[in-house]
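Please read the structure below before turning to the comments.
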Amino acid sequence: MFPIYDVIVVGAGHAGCEAAVAAANLGSKVLLATVNMQTIAQMSCNPAMGGVAKGQIVREIDAMGGYSGIITDHTMVQFRMLNRSKGPAMWSPRAQSDRMLFARKWRQMLEAHPNIDFWQEMVIGLVVKDGVVCGVRTGMGLEIPGNRWCLPTVLF
């Protein structure tokens, strides 16, 4: 039923979406598993990208080919440079986005990537054979296979 995936990402928050895109851009066959396809890359009630710490991370992700900055550029409704009354080391860009448009744009960009597949269901565990993780198990009891060489593990 499933192909063997090079990478299985569990969770489609911002980090999961970036992980899926990064692996897919490197040529890996990726499965992005999420409990709810309607909440992919959903922003909090304060839909901002940026600030002193997060702004630095978004710039680093952008420099490595990530999508958060690009999607923010497409969906922002306000841009502001924070801490202008302080020295330049404290200046920090922050963009506020349209929450619904941000999530929709993320999903569109993920769906357009030929190396990313989606699965809507809860992942409840790992499939381990001979001490090596070789897939995930879902709430319905399905086993989704991954490459056996990916993740050696220690069983407790």
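None of the figures in this text is laboratory data; all of them are computed from the coordinates on show. Since this is a predicted model, take the numbers as computed values, not measurements. With ideal geometry, Cβ positions are generated from the backbone for all residues, glycine too; neighbour counts draw on all protein chains shown.
Please report the equivalent ellipsoid semi-axes of the range 9-156, computed as sqrt(5 x eigenvalue) of the Cα gyration tensor, largest first, in whole Å.
Value: 34, 17, 14 Å, ordered largest first.
Taking the dipole about the Cα centre of the range 7-152, with the C-beta of Lys and Arg at +1 and of Asp and Glu at -1, give me whichever of Gly55, Met109, Leu82 is farthest to the positive side.
Checking the options against the dipole of the range 7-152, the answer is Leu82.
For the range 108-118, in order, what is each residue's ³J(HN,Hα) by Karplus, 6.51 cos²θ - 1.76 cosθ + 1.60 with θ = phi - 60°, in whole Hz (x at glycine and Pro)?
Here the 3J(HN,Hα) series is 4, 5, 5, 5, 6, 7, x, 9, 10, 10, 10 Hz.
Kindly work out what percent of the DSSP beta bridges joining two residues of the chain are antiparallel, to the nearest 5.
65
Can you compute the helix-only [θ] at 222 nm over the chain? Use -39500 (n - 2.57) per DSSP H run of at least 4 residues, normalise by all residues, nearest 500 deg cm²/dmol.
Dividing the helical sum by the residues of the chain leaves -9000 deg cm²/dmol.
Amide H of Gly146 versus every other amide H placed in the peptide plane: which residues, excluding those fewer than 5 positions away on the same chain, fall under 5 Å?
Tyr5, Gly135, Val136
Subtract the Cα-Cα distance of Glu111 and Ile70 from 0.36 nm times their separation in residues, and report this length gain in nm to one decimal.
13.2 nm is the gain from fully extending Glu111 to Ile70.
Considering the chain as a Gaussian network with a 10 Å cut-off on Cα pairs, which listed residue, Cys134, Cys45, Cys17, attains the greatest mean-square fluctuation?
The residue with the greatest mean-square fluctuation here is Cys45.
Tell me which residues come under 5 Å, amide H to amide H, from Asp117 once H is placed; ignore anything under 5 positions away on its chain.
Answer set, sorted by chain and number: Val30, Leu31, Leu32.
Of the lysine pairs in the chain, how many meet both conditions: Cα atoms under 27 Å apart, and a spacing of 8 or more in sequence or different chains?
Eligible lysine pairs with Cα atoms under 27 Å apart amount to 4.
GNM, the chain, Cα, under 10 Å: largest mean-square fluctuation among Lys129, Lys54, Lys86?
Of the options given, Lys86 has the highest mean-square fluctuation.
Computed FRET efficiency, Cβ-Cβ of Thr39 and Ala89, R0 30 Å: what is it to the nearest 0.05?
E between Thr39 and Ala89, to the nearest 0.05, is 0.25.
In whole Hz and in residue order, list the ³J(HN,Hα) couplings for the range 77-92 that follow from phi through the Karplus curve 6.51 cos²θ - 1.76 cosθ + 1.60, θ = phi - 60°; x for Gly and Pro.
Each residue's phi maps through the Karplus curve to give 10, 8, 10, 8, 9, 7, 6, 5, 6, 9, x, x, 5, 9, 5, 8 Hz.
What does the charge dipole of the range 7-152 about its Cα centre add up to, to the nearest 20 debye, if the Cβ of each Lys and Arg holds +1 and the Cβ of each Asp and Glu holds -1?
My answer is approximately 500 debye.
Which order do Val7, Val35, Val30 fall in if you start with the one that has the fewest other Cβ atoms within 10 Å?
Val35, Val7, Val30
Pick out which of Gly13, Gly27, Gly66 has the largest mean-square fluctuation in a Gaussian network model of the chain, springs linking Cα atoms closer than 10 Å.
For the chain, modelled as a Gaussian network with Cα springs under 10 Å, the answer is Gly27.
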